[in-house]
Amino acid sequence: MKTMLVANWKMNPVTLSDAYALFDATRKSAEKNKNLSVVVAPPTLFINALRTRYKGKKVQFGAQHARGEEGGSHTGDISLRQVKGIGCQYVIIGHAERRALGETDDEVRAKVSAALMLGLIPIVCIGEKTRGSHGEHFDVVRAQLKSVFMDVPTPKVNKVIVAYEPVWAIGAPAPMQPRDMHEMSIFIRKVITECYETELKVPRVIPTVLYGGAVDSTNVHEMQTLGEVAGFLVGRASTTPDSIRVLIQALT
Ligand code: PGA
């Protein structure tokens, strides 16, 4: 299976010409790695220009955020339908930075359902804010997963990508320990299977699990080999041509 890299540019870069340069660096590095699938999530403002300019297939596009409603009085917002219409295949849902602005588990669940209905692949972010010594973070993650998958029908389970991002590692100097991620990956798969155990047919393949939080070229290889993850959701290290180049090289 290919390793997945989701480049979450967040509110970077400042200009469209810098966005072109960053996209080109990402694309060029990505094309050298056959075992990599890449999703770029630029600021919404740049998606259409980047997408219409790009004629290849290696890189796919995602939005960083969107609302589930068709339309309405939501100043400054965009809808999942618009995201789909502009040619995105993916949408990030429930990123910690959106949850910090008030996005709730219920909203995340509704958006995941709406995205699946539209044929968009949701990349759902989950993760605890802090980590205690008694394993409380497993309870947080279990509750988030149960909420996300409550409305996902069995045939759609494999269409959901789970990005585990412990909030304390986002923007931090270092990621979590790969061995702890290994344990968390197994836990995530177990909880998702539990969500469907009352059904006659438990989904055979379960969602792709990504890791996010302080991933860069110095730590990605170790996480890739020891973390039991299918790929990465990367913030800072995806936002300059040099940092994305070395990151993708380290994955190779
Ligand atoms: P970071 O952000 O890679 O800059 O830590 C990750 C994320 O928020 O998705």
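Worth pointing out:
- Candidate set: the stretch 217-238, residues that are within 10 Å of the ligand (Cβ to nearest atom) and crowded, with 20+ Cβ neighbours inside 10 Å; chosen: the one farthest from the chain's Cα centre (by Cα): 237
- Hits in the stretch 139-174 (condition: of a type outside the set (Gly, Ala, Ser) and surrounded by fewer than 16 Cβ atoms within 10 Å (Cβ to Cβ)): 139, 146, 150, 151, 153, 154, 155, 158, 173
- Checking each residue in the stretch 142-181 for being aliphatic (A, V, I, L, M) and within 16 Å of the ligand (Cβ to nearest atom) picks out 161, 162, 163, 167, 169, 170, 172, 174, 176, 181.
- Residues that are farther than 23 Å from residue 112 by Cβ and within 16 Å of the ligand (Cβ to nearest atom) do not occur anywhere in the stretch 46-57.
- Tally of residues being closer than 18 Å to residue 170 by Cβ and within 17 Å of the chain's Cα centre (by Cα) across the stretch 130-159: 2
- Summed over the stretch 7-35, the residues that are aliphatic (A, V, I, L, M) and away from the ligand (no atom under 16 Å from the Cβ) give a count of 6.
- Residue within the stretch 239-246 that is under 20 Å from the mean Cα position of the chain (by Cα) and surrounded by 22 or more Cβ atoms within 10 Å (Cβ to Cβ) present: yes
Laboratory data are not the source of any read-out in this text; all were calculated from the coordinates shown. What you see is a predicted model, and the numbers here were worked out from it, not measured in a lab. For neighbour counting, all protein chains shown are included, and Cβ atoms are generated from backbone atoms with ideal geometry for every residue, glycine included.
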